[in-house]
Amino acid sequence: MAQKAGVSHVVLFGLSDSLIVELERVLNQESHVKVYSHRSVPGPHSLNLLKTLHADVVFCAAEPDRCRPLLEAMRQKQMNLPVVVVSRDAETANWVLALEAGAQDYCAPPFEPSHIRWILEAAARTRCAA
């Protein structure tokens, strides 16, 4: 995650209300993280929003109809932004499809602060390497 005045910008896309609440609770424990959530299904139109929000990492619903349009649009625009897919179900098929489509990582509740911190740190390393 590129640091902007010490704050990392995390965008949540297409997650259910309950997942948003659970994930925001853990993300907000990180003092350097600012969280934006959007319930709409991400797609090509979302790229402008990600740029406007200066997103450093995206957490997106793992279902293929939710994450693939975003991942495909990002690939077409050569946007090197870490995407983490999120699912309440431990349905590994969706996770594998998302990883093959370009997602960096995946997670599921219960969200542990140490695991989320590790994901954010890995995303920061990816962004710095780019």
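Computed values, structure above
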read-out: So ARG25, is it part of a helix (DSSP H, G or I), at pLDDT 90 or above and out of contact with any Ser or Thr (no Cβ under 9 Å at 6 or more places or on another chain); value: yes
read-out: Filter result for ALA93 (in contact with a Ser or Thr (Cβ under 9 Å, 6 or more places away or on another chain) and among the small types (Gly, Ala, Ser)); value: no
read-out: Some residue of region 57-74 being more than 14 Å from SER87 (Cα to Cα), at pLDDT below 90, surrounded by fewer than 22 Cβ atoms within 10 Å (Cβ to Cβ) and touching a strand residue (DSSP E or B) at 6+ places or on another chain (Cβ under 9 Å); value: no
read-out: Some residue of region 52-66 being over 18 Å from HIS38 (Cα atoms) and either more than 12 Å from the chain's Cα centre (by Cα) or acidic (Asp, Glu) (or both); value: no
read-out: Residue in region 76-90 that is modelled with pLDDT under 90, in a helix (DSSP H, G or I) and farther than 22 Å from VAL21 by Cβ present; value: no
read-out: Meets criteria (buried (at least 18 other Cβ atoms within 10 Å of the Cβ) and either at positive phi or part of a helix (DSSP H, G or I) (or both)) for LEU47; value: yes
read-out: ALA101 over 19 Å from THR126 (Cα atoms) and aliphatic (A, V, I, L, M); value: no
read-out: Every residue from region 34-52 that is modelled with pLDDT of 90 or more and either touching an Asp or Glu at 6+ places or on another chain (Cβ under 8 Å) or closer than 26 Å to PRO113 by Cα (or both); value: LYS34, VAL35, TYR36, SER37, LEU50
read-out: Pick from region 99-121, criterion in contact with a strand residue (DSSP E or B) (Cβ under 8 Å, 6 or more places away or on another chain) and within 20 Å of SER18 (Cβ to Cβ), ranking: surrounded by the most Cβ atoms within 10 Å (Cβ to Cβ); value: TYR106
read-out: Residue satisfying condition, being farther than 23 Å from ALA124 by Cβ, assigned to a loop (DSSP other than H, G, I, E, B) and among the hydroxyl-bearing types (Ser, Thr, Tyr), within set SER31, SER40; value: SER40
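The values are calculated or read from the model by the stated rules, or taken from the named source; none is laboratory data. Keep in mind that what you see is a predicted model, and the values were worked out from it rather than measured. Neighbour counts are summed over all protein chains in view; Cβ atoms, including those assigned to glycine, are modelled from backbone coordinates with ideal geometry.
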